[in-house]
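The values are calculated or read from the model by the stated rules, or taken from the named source; none is laboratory data. As the structure is a computational prediction, the values presented were derived from the model and not from experiment. Cβ coordinates were reconstructed from backbone atoms using ideal geometry, including for glycine residues, and neighbour counts include every protein chain displayed. Just so you know, the surface numbers come from the protein's heavy atoms only, side chains and all, with ligands and any DNA or RNA stripped out. Shrake-Rupley method; radii C 1.70, N 1.55, O 1.52, S 1.80 Å.
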Amino acid sequence: MFALLLLVIGILRKVPASRYSAIGLLCVTLLKLFFHDLTQLDPIRRIGAFIGVAVIAMLASFAYQRFYASAAKDKETKNETTK
């Protein structure tokens, strides 16, 4: 959740370092989940963990896609005004 919050803050304030660190933290968390935590869970809780990770990954990807769409639109508008 912290990585997702960090990603949203980085997108809203347009801070690339925050966005990159959020993606890195999300990747490290996912690796830890797959290699360490899932081996110690029973099957029902393992399914819940997969669903939780899927929801967080989807929210992060939607937020990043929205950021890229608005950034591309701003860049296009800027190019049109300079011509």
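Scan region 39-56 and report the pairs whose first residue is farther than 19 Å from MET1 by Cβ and whose second residue is open to solvent by less than 60 Å² (accessible area, probe 1.4 Å) and at pLDDT below 85, with Cβ atoms within less than 7 Å and a gap of 6+ or a chain change. That search, which allows pairs on different chains as well, returns ARG46/LEU38. Of everything in region 1-54 that is outside any helix (DSSP H, G or I) and either among the charged types (D, E, K, R) or open to solvent by 70 Å² or more (accessible area, probe 1.4 Å) (or both), the residue that is farthest from TYR68 (Cα to Cα) is ASP42.
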